[in-house]
Structure formats: C-alpha cells, structure tokens
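In what follows, a structure is listed as structure tokens, so that the remarks can point back to it.
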Amino acid sequence: MSGSATAQLIDGKAIAAALRAQLADAVAKLKAEHGVVPGLAVVLVGDDPASQVYVRNKHAQTVEAGMASFEHRLPASTSREALLAMVDQLNKDPLVHGILVQLPLPAHLDATEVLNAIDPDKDVDGFHPVNAGRLATGQALFVPCTPVGCELLLRSVIADPSGLHAVVIGRSNIVGKPMAQLLLAANCTVTIVHSRTRDLAGLVRQADIVVAALGRAEFVKGDWIKPGAIVIDVGINRIEQADGKTRLVGDVDFASASQVAGAITPVPGGVGPMTIACLLRNTLIAARYRLGLDGQV
Ligand code: NAD
C-alpha cells in the first residue's frame with residue numbers, strides 16, 4: 001500500500017446493492033431447487049422512532065430479496081413472559097429461519113435474557129453466546145451483521161489482508177469484539193483499543209487497517225492515520241451545525257483522514273447500508289444450514 005493525497009472512497013451503498021442482488025439470485029435458486037423460502041421474523045417492542053425506521057427498511061429489503069418477512073409489533077408494556085413466549089413460538093415455527101429482536105428494548109425487559117432465548121440456529125444477529133463461541137473457535141455460523149459488512153468492505157479493496165496490522169477501536173459485543181475475531185480469522189495481527197487504552201493515537205498510527213467503532217463523533221484524526229491505511233468507519237453520530245441543522249458523521253474525522261488514508265468509508269454511505277444486506281445474508285445462511293447445505297454464501 002502506498003500513501004496518496006486523497007483516499008479511494010469505499011462505496012458501501014453500491015457494494016450493499018450488489019450483495020442484495022446476489023442474495024436475491026441465491027434465494028430464487030434455493031426456492032427452485034429445494035422449495036424453501038428463507039423467512040425472517042422481526043420483533044419490535046414499543047415505538048422507538050429510530051427502531052421503527054430500521055424495522056421498516058428490514059421488511060422492505062427482505063421482501064425485495066424474495067424472502068418471507070414476518071413482523072411482530074408488540075406494545076411497550078409487553079411483559080417479560082409474553083416476549084419470551086413470542087420468541088419460543090418463533091423458535092418452533094418452521095417457516096421462520098431467522099429471528100431478530102430489535103434493540104433497544106423497553107427498560108423493564110432484559111435484552112440479554114431475551115437474546116439468549118433465541119434458538120442459536122435462528123440467531124441471525126449473531127448475538128447469542130453460542131454464536132460468539134462458534135466465531136471465536138473457527139466454526140462461525142452467524143456473525144453480527146455490522147462487522148461482516150465491514151469485512152466485505154475491507155475485502156473490496158484488499159482481497160487478502162493476511163499479515164496486516166488491524167487496529168479495532170471499541171470492544172462492544174455487537175461490533176468491536178466480533179470485528180477483531182473476523183480480522184484474526186483473516187490472519188491479521190489485531191490490536192483492540194478502547195476507552196481505557198493508553199496512547200490510543202500512537203497505536204492507531206501503527207495500523208494498516210483501522211476499524212473505528214467507538215461512538216464518538218469525528219474522534220479519530222487524520223494525523224493518527226498511517227499513510228495508505230484502510231479506514232473503516234462504523235460510527236453513526238448526529239452533530240448539530242452552526243445553522244441548527246443536524247448532520248450525520250462517523251467516528252473518524254473524514255476531512256483530514258481522507259487526505260492520508262489509502263481507502264476510506266464515508267458516513268453516510270459506507271458501513272451503514274451493509275448491515276441490513278448482511279442480515280439478509282445471515283437469513284439465507286440459516287435456511288441453507290437447516291437444509292444441511294453449505295452454510296456459507
Ligand atoms: P458501544 O457504546 O457499545 O461501544 C463503544 C466502544 O468504544 C466501547 O467498547 C468503548 O470502550 C469504546 N470507546 C468509547 N469511548 C472511547 C474512547 N474515547 N476511546 C477509545 N475507545 C472508546 O458502541 P457500539 O454499539 O459498538 O457502536 C459503536 C459505533 O458504531 C456507534 O457510533 C454506533 O452508532 C455505530 N454503529 C453503527 C452500525 C452500522 O450499521 N453502521 C451498527 C452498530 C453500531
């Protein structure tokens with residue numbers, strides 16, 4: 001990799017659209033050859049406005065890919081018992097291959113308990129400890145969607161990242177930790193940095209690959225980036241501008257980082273569009289896995 005004055009832009013929107021088209025073909029083939037339509041059940045509890053938008057988008061893209069979409073909208077007052085009964089019913093439903101419980105849940109419900117009640121073989125979000133363990137031991141089945149999307153974006157610019165030093169900023173179960181596992185499986189040398197890390201900038205400066213998933217607007221500066229490095233920005237932050245309007249920015253200061261990096265994802269239009277496409281990918285994997293076919297697509 002050589003440094004360049006202006007980084008190559010990694011077009012997540014286009015890459016996600018191509019992935020969805022590829023999935024639609026694979027779904028049609030599965031239907032023709034095995035008579036099976038992959039089904040995704042999404043459970044939404046309450047009326048969080050952002051969750052409503054996510055669930056609507058998931059439904060539309062699921063249907064567009066030729067899959068079956070089962071939406072279950074429950075009131076915010078739903079009891080723990082009622083929600084667990086719903087998960088149990090979906091676990092047993094043969095038409096449902098993937099189950100997703102939209103987060104965040106209302107405060108009286110324990111997200112860990114609910115997610116752990118999902119059948120690991122239907123856990124298309126990849127959050128169940130069984131799937132975290134499968135990933136950590138080289139038996140990956142369902143990997144959380146956002147890190148899978150990041151890996152696909154990374155591989156769009158470098159097919160084999162073997163031997164490169166990847167620095168992952170953030171250690172959440174949803175992004176940071178599974179991202180680090182994926183990069184390790186791809187033979188990268190992986191450093192995970194987080195809120196207690198000493199000399200964060202110094203460590204990021206050593207990275208050939210930077211994945212920023214810390215949830216702090218424009219935190220990673222251009223002078224932390226090694227010339228030519230690949231920068232994957234997971235952050236989604238809304239900041240208020242001088243004119244009072246809000247703007248979406250990532251965890252990386254795009255203006256300065258894009259002058260130094262070899263390739264970089266924009267926000268919006270980078271990692272964001274990949275997440276639902278990877279959820280559909282996991283749903284197809286679930287349907288194939290149940291049929292005893294090669295799980296990977
Ligand atoms: P999180 O809050 O669960 O975890 C953030 C992590 O960053 C923590 O492990 C913490 O140790 C680390 N961190 C926080 N402040 C830090 C600092 N100052 N220096 C170094 N590390 C620090 O967040 P998350 O769920 O992993 O999400 C991270 C970001 O990614 C958020 O902006 C979120 O909106 C975004 N996100 C985007 C998508 C997508 O589809 N594009 C999906 C999930 C999350």
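The values are calculated or read from the model by the stated rules, or taken from the named source; none is laboratory data. Note that the structure is predicted; figures quoted are calculated from it, not measured. FYI the Cβ positions are ideal-geometry reconstructions off the backbone, even for glycines, and counts take in every protein chain you see.
Can you name the residue in the range 162-175 that is surrounded by fewer than 20 Cβ atoms within 10 Å (Cβ to Cβ) and among the small types (G, A, S) and is also nearest to F127 (Cα to Cα) among such residues?
Ranking the candidates gives S172 first.
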Worksheet item: If you scan the range 99-122, which residues turn out to be of a type outside the set (A, V, I, L, M, F, W, C) and touching a His at 6+ places or on another chain (Cβ under 7 Å)?
Response: N116, P120, K122
Response to the item:
Checking L284, L280 in turn, the sole residue that is within 16 Å of the ligand (Cβ to nearest atom), more than 30 Å from A207 (Cβ to Cβ) and not in a loop (DSSP other than H, G, I, E, B) turns out to be L280
Response to the item:
For the range 173-198, pairs from a residue that is at negative phi to a residue that is more than 8 Å from the ligand (Cβ to nearest atom) and part of a loop (DSSP other than H, G, I, E, B), with Cβ under 6 Å and 6 or more apart or across chains, are I174/P144; P178/V143; P178/P144; A186/P161; C188/P161; C188/L164
Fill in: Within the range 239-255, considering residues that are within 16 Å of the ligand (Cβ to nearest atom) and in a loop (DSSP other than H, G, I, E, B), the one surrounded by the fewest Cβ atoms within 10 Å (Cβ to Cβ)
D253
Worksheet item: If you take the residues of the range 274-297 that are out of contact with any Gly (no Cβ under 9 Å at 6 or more places or on another chain) and farther than 15 Å from A65 by Cα, which of them is surrounded by the most Cβ atoms within 10 Å (Cβ to Cβ)?
Response: G295
Item to complete: Search the range 142-159 for residues that are touching a residue at least 40 places away in the same chain (Cβ under 8 Å) and pair each with any residue that is away from the ligand (no atom under 11 Å from the Cβ) and among the small types (G, A, S) when their beta-carbon atoms are under 6 Å apart and the residues are at least 6 apart or on different chains.
Response: F142/G126; V143/G126; V157/A263
Fill in: Of residues in the range 256-267 being within 14 Å of the ligand (Cβ to nearest atom) and not aliphatic (A, V, I, L, M), the one farthest from S156 (Cα to Cα)
P266
Practice prompt. Mind listing whichever residues of the range 176-208 are more than 24 Å from G228 (Cβ to Cβ) and surrounded by 18 or more Cβ atoms within 10 Å (Cβ to Cβ)?
Written response: K177, P178, Q181
Worksheet item: What is the one condition in (1) within 16 Å of the ligand (Cβ to nearest atom); (2) part of a loop (DSSP other than H, G, I, E, B) that L293 does not satisfy?
Response: (1)
Worksheet item: Given (1) surrounded by 15 or more Cβ atoms within 10 Å (Cβ to Cβ); (2) in contact (Cβ under 8 Å) with a residue 60 or more places away in the chain, where does P227 come up short, assuming only one miss?
Response: (1)
Response to the item:
Scanning the range 57-116 for residues that are aliphatic (A, V, I, L, M), over 20 Å from A286 (Cα atoms) and more than 21 Å from the chain's Cα centre (by Cα), the one surrounded by the fewest Cβ atoms within 10 Å (Cβ to Cβ) turns out to be A107
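Residues checked against (1) under 18 Å from A50 (Cα atoms); (2) modelled with pLDDT under 95:
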| site | (1), (2) |
| --- | --- |
| W224 | no, no |
| A229 | no, no |
| G244 | no, yes |
| A261 | no, no |
| G269 | yes, no |
| G272 | yes, no |
| R288 | no, no |
Item to complete: Considering only residues that are under 18 Å from the mean Cα position of the chain (by Cα) and closer than 26 Å to S79 by Cβ, look in the range 117-129 and name the one that is surrounded by the most Cβ atoms within 10 Å (Cβ to Cβ).
Response: V124
Worksheet item: Would you call G270 buried (at least 17 other Cβ atoms within 10 Å of the Cβ), within 14 Å of the ligand (Cβ to nearest atom), among the small types (G, A, S) and in contact (Cβ under 8 Å) with a residue 60 or more places away in the chain?
Response: yes
